[in-house]
Each structure stands twice: as structure tokens, then as C-alpha cells.
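The values are calculated or read from the model by the stated rules, or taken from the named source; none is laboratory data. Since the model is a prediction, treat every value here as computed from it, not as a measurement. Here the Cβ positions follow ideal geometry from the backbone for every residue, glycine too, while neighbour counts run over all protein chains shown. All accessible areas refer to the heavy atoms of the entire protein, side chains included, with ligands and DNA or RNA removed. Shrake-Rupley method; radii C 1.70, N 1.55, O 1.52, S 1.80 Å.
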Amino acid sequence: MTPLVSMRDIDKSFPGVHALKSVQFEVLPGEVHALMGENGAGKSTLMKILSGVYSKDAGVIELDGKSVNVTSPRQAQELGIGIIHQELSLMRDLNAAQNIFIGREPRSAGNFVIDEKRLNADTAKLFAAMHLKLDPKVQVESLTIAKQQMVEIAKALSHKSRVLIMDEPTAALNDAEINELFTIIRQLKAEGVGIVYISHKMDELKRIADRVTVMRDGEYVGTVPAADTPVEKIISMMVGRAISDEPPTIPDLKDAEVLLEVKNLNRGREVQDVSFSVKKGEILGFAGLMGAGRTEVARVIFGADSMQSGEIFVHGKKVSIKQPRDAVRAGIGYLSEDRKQFGLATGMDVAANIVMASVERFISPLGVLKNKEIRDTAREYIKQLTIRTPSERQETRFLSGGNQQKVVVAKWLLRDCDVLIFDEPTRGIDVGAKSEIYKLLNKLAEQGRAIIVISSELPEILRLSHRIAVMCEGRLTGILPGGDTPQEEIMRLATQRASATTTPANGRAA
Ligand SMILES: Nc1ncnc2c1ncn2[C@@H]1O[C@H](COP(=O)(O)OP(=O)(O)OP(=O)(O)O)[C@@H](O)[C@H]1O
Ligand SMILES: [Mg+2]
């Protein structure tokens, strides 16, 4: 079979970074070809070359066996190459339909006015095909990251591409949404579309991929069939070593001080009467389905959203938190799930980002910035978290997605807070670096911090938590011991809706 796409000996350098070194990659019609590798391995760069975002320095690209020169995203689209980018690229102040058909809106007679009705109808059709319940006219900025991702996917589908590149499409999706996406992928496959699938979630490989190509450090490592290759083998191809990940050893915290206590926290439907506490040295995991209210609880504690009622105690003292500054002053740090908006200063370099939340530590009594210490600290974290960057002076917008995440994680690891809340700390982070982050979180706990980890990945919750708080629809439905708690037990609490536990007065089940 002639490959739909064949990329041979692709080379690409950026200032200070040899991002791709003679890389090979091909996609057959109807194939889902996974592209794997650690953060910064070169996956996105390779796909940006295929989709006309970057130009290659050397190498050949063939479509249907014929050599082509892809010079712009627009031309790539005309050649039938579509891409869903890792960074969401929607216009926040346009609505969903406008985003999807931007620049090619259906027009009414005379070609002057945009035909809003058809625009919305076409969008509704796309959403229906994806089983997505969304108003075409909804403002994009009011959507959750997951929903924005779905709109992005709808946009790519609307182009009817022959080759569809998905760069970490499921990073922010919940299980149901991932299932919808996989159904769509299978349909496209049946129509002969070739799909490039980039993900750090190993279980997805087995579910959706036909073949896997692994890259490491900008080099091509190899291509293997997905079904008959053990995951351990693929991981060792990626990182060049095996990774061991033990379950947590749960410390005895009977006599430990309660560092954070939250009592009867309320905010609309999203947070309903939530009470819990975290001890010094404890890692409390927060499990639940997307939209269960975990992020909302964190945002209220951090003062990013206001509470309607409730009390927060740090070190047993009641604190009043009206804005994030109050929280930081009370010793609470928050790594938000939306790094783009809250976490990263993309125009600043790696070192500045890492020390940003701890800057007072790096100012001398005379008010001078201690540059050497800033650099040394940054280098230490770059090493510890294997942040791939030419130096600590590189602007963060030039880092790969996963390495940007690591910078934000480093920032909060460095910040000396008693209570640290990490919201999806390893989203988009490769398997090797994940286990490094787990080790660092454990170290922070051992040093006497109280840590809250919100994660949608159950294996991560189980790997880290000393206790597991589970939420469903704004309520805390239970707190389980960590260690070897069965996943089913967590899922039961995660799906325990209020209507199922109380009998309505009129006797009807809601
Ligand atoms: N525009 C750019 N300028 C400078 N360096 C860049 C640029 N784009 C990417 N790089 C560098 O090229 C290397 C490969 O990055 P790329 O984004 O392709 O990695 P990736 O495999 O997609 O990683 P991730 O899993 O983190 O998304 C990285 O070292 C990155 O910092
Ligand atoms: Mg990438």
C-alpha cells in the first residue's frame, strides 16, 4: 500500500536546539499511527512541519508517493492535512461556530453578508455527529478547557482532511468525551483517513493505535505494532530505561498537626457544603469525574473565586481569603489546571518563571536581585524535572508543551507554602518526568507540607495519595484511605449523585 504520508530524513533546528535529526515517519490510509516520546522529543515540531506551520531544514515529504512542498498551514489544508494543535488556538471572544468556520463562513447571496443561520446550522450538524451537546453560538471563553478542545476537534473535522493530526487531543477530556473521540476516530479510519495520534497516556495506545513510532531527543527510534508490543517496551524505547513506580508508603499521621481545615464551603451548585482537613505531611488526593467541583473547591480556597459561605483554617487559625494574594499570604499555593491563563509568563525566560512566586527570597537586603542564585536554583529544577531547554535563559514560549508544564510545576515546588494545591500536575507530562514529580511531591510532604492533588487519572491518585477525597456534582461523597483502595470503590463515590442517596418526597426517582 502506498503510504498516504511519508516523511523521510526530516531535519530541523531552532536557535540552540537541534529539534529533529533525520526523522522518519509514515501514515497509511485508514491507519491510526501514534507518535510517542518524552517532552521535547520533537513530536509537535515534526507535525508542525507536516502541517505547514514550520518549514523543514532538510528531508522529503511525500503525499501518495509524490513529493510535495508544504509551505503554509493554508496549503497543508488544501492538500488535505488537518491538525488539532496541542495548545488550544481558538479565539476566545468569538463563538463556537465563528471559530470553526473562521475565514470561510457561508455567505448569503451577493457574497457580502455572513449567513449566520447556515453557519449555526452547519455547526450544529458537526456537533450532532460528535454527540456534543453544545450551542453553536456559545462564547468560547465561557467554555471549560475540555469543551474548547471538543470545539477544536469539530473545527478539524469540518475540513474533511485525509490526514488528521491530533496533538494530545485527550489531555483535558473526561472518559465519556474520550470515548466519543475514539468513536469519531474509528469512523474516520473506516473512511480511509490517516490519523496521527500524539498522547502521553499509555492506555490509549492499546485502545486506538495500529502502529507506534517512538522518538527520543529529536531522533527516530523505531516503529512497532501497537497490539503486540508491551507497554514497558514502548516506555523503554521512549526513555531509554525502565521506570519503576511503587505505591505510596503511607505515613503515620495520627499525631500530626492539621494544617488546613475547610468547613462547610459553599459556592452555588459547584461546591456544596464541602468539609475536609489535611495534615502536615499528608497528601490528600481529590478524585472525581470532570466537573465534579474539585477545581472549583481549589479556586475558592485560593481566593480565585469567592465563597458564599464556609470557613478556612490554616494552622488552626481562621483566615479570610478574598483574593489569591490573601491565600498566598496565608501560606497556600495553587498550581491551576489552566496553565496558559494563570501559570506561565510565556514572554519571560525559564529562570524568571521558576522564581516568580518566590521572588522575595532572591532579593538581597539592599534590594538587589541575586541573579546568580536565581540561575542556580533554576538550573537545579531544570535538572531535577528534566526540563528540556537550551538554558535557563530561554523564553518559555519556545519550550515544548510538556516542558512548559514542568516550569509551572517547578515554580510551585520552589514556593515555600505550607499548603500546596496541585490541579492536574502531570497533564501533558511524559511518563519519566511524571515519576520525578511524584517523588518531589512526596519529598515536599515529608518536609512537612500539606498537599492536595487533584487528578483525573486514577492511577495517579492511587500512586500518590495518603487519603482520597472523592467528589460528585459539587459534593464530597467520601474520603477513602490511600494505598490499595480498589478503583471501583472510588468510582462508586464519584458517581454517587444526590438523587440516588435521598428518597424524594414524592417517591419518584429523579
Ligand atoms: N519555535 C521554537 N523555537 C525554539 N525552540 C523550539 C521551538 N519549538 C520547539 N522548540 C524546541 O524543540 C524541541 C522539540 O519540541 P516539541 O514541541 O516538538 O516537543 P514535543 O515532543 O512535542 O514535546 P511535548 O510532549 O512536551 O509536547 C524542544 O526542545 C523545544 O524546546
Ligand atoms: Mg508537543
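Each of Ala351, Ser275, Ala292 was placed along the dipole of the range 275-372 (beta-carbon charges, centred on the mean Cα), and the one lying farthest toward the positive end is Ala351.
The aspartates and glutamates within cross-link reach of Lys322, meaning a Cα-to-Cα straight distance under 16 Å and a gap of 8 or more places when in the same chain, are Glu296, Asp305, Glu311.
Along the Cα-to-Cβ line of Leu253, 7 Å from the Cα, sits a label point; which residues in the range 261-298 have backbone N less than 18 Å from it? Once the point is set 7 Å along Cα→Cβ of Leu253, 261-264, 275-288, 298 turn out to lie under 18 Å by backbone N, inside the range 261-298. Of the whole protein surface, Glu105 contributes about 40 Å² of accessible area at a 1.4 Å probe radius. Within the range 94-140, the chymotrypsin sites (Phe, Trp or Tyr not before Pro) that combine a DSSP coil assignment with at most 11 other C-beta atoms in a 10 angstrom radius are Phe112. I'd like the carbon and sulfur percentage of the solvent accessible area for the range 162-242, probe radius 1.4 Å, heavy atoms only, ligands and nucleic acids excluded. About 50 percent, which is the carbon plus sulfur part of the accessible surface. Dividing the Cα radius of gyration of the chain by its Kirkwood radius returns 0.98 for Rg/Rh. With R₀ set to 22 Å, the beta-carbon distance separating Thr495 from Asp273 gives a calculated FRET efficiency near 0.70.
Just the number, please: percent antiparallel of the DSSP beta bridges in the chain, rounded to the nearest 5.
Beta bridges within the chain, antiparallel portion: roughly 55 percent.
By accessible area, using a 1.4 Å probe on protein heavy atoms only, the range 258-501 has 50% of its surface on carbon and sulfur. Dipole of the range 258-501 computed with +1 at Lys/Arg Cβ and -1 at Asp/Glu Cβ about the Cα centre; of Ser465, Ser435, Thr386, farthest Cα towards the positive end is Thr386. Mean sequence separation of contacting Cα pairs (under 8 Å, at least six apart), scaled by the length of the range 5-239, corresponds to a relative contact order of 30 percent. Evaluated with a Cβ-only charge set (Lys, Arg +1; Asp, Glu -1), the chain carries a dipole of roughly 780 debye about its Cα centre, given to the nearest 20.
Packing around the peptides 182-191, 140-149, taken as the average count of other Cβ atoms within 10 Å per residue, puts them in this order, highest first: 140-149, 182-191. Charged side chains reduced to their Cβ positions (Lys and Arg at +1, Asp and Glu at -1) give the range 5-239 a dipole of some 460 debye around its Cα centre. Computed with a 1.4 Å probe over protein heavy atoms only, the accessible surface of the chain comes to 45 Å² per residue. At an R0 of 35 angstrom, the distance between the Cβ atoms of Glu311 and Asp338 translates into a FRET efficiency of 0.85.
Using +1 on the beta carbon of Lys and Arg, -1 on that of Asp and Glu, and nothing else charged, what's the dipole of the range 12-79 about the Cα centre, debye to 20? Mind showing how you got there, number by number?
Details: 7 positive and 7 negative charges, 54 e Å.
Value, rounded to 20: 260 debye.
Using +1 at the C-beta of Lys and Arg and -1 at the C-beta of Asp and Glu, which of Ser161, Ile178, His200 has the Cα lying farthest in the positive direction of the dipole of the range 5-239? Value: Ser161.
So which lysines can Lys155 reach, going by Cα to Cα under 16 Å and dropping same-chain residues fewer than 8 places off? Reachable lysines: Lys125, Lys133, Lys137, Lys147.
For the listed peptides 283-296, 225-238, 196-209, a ranking on the average number of other beta carbons within 10 Å per residue, highest first, reads 283-296, 196-209, 225-238.
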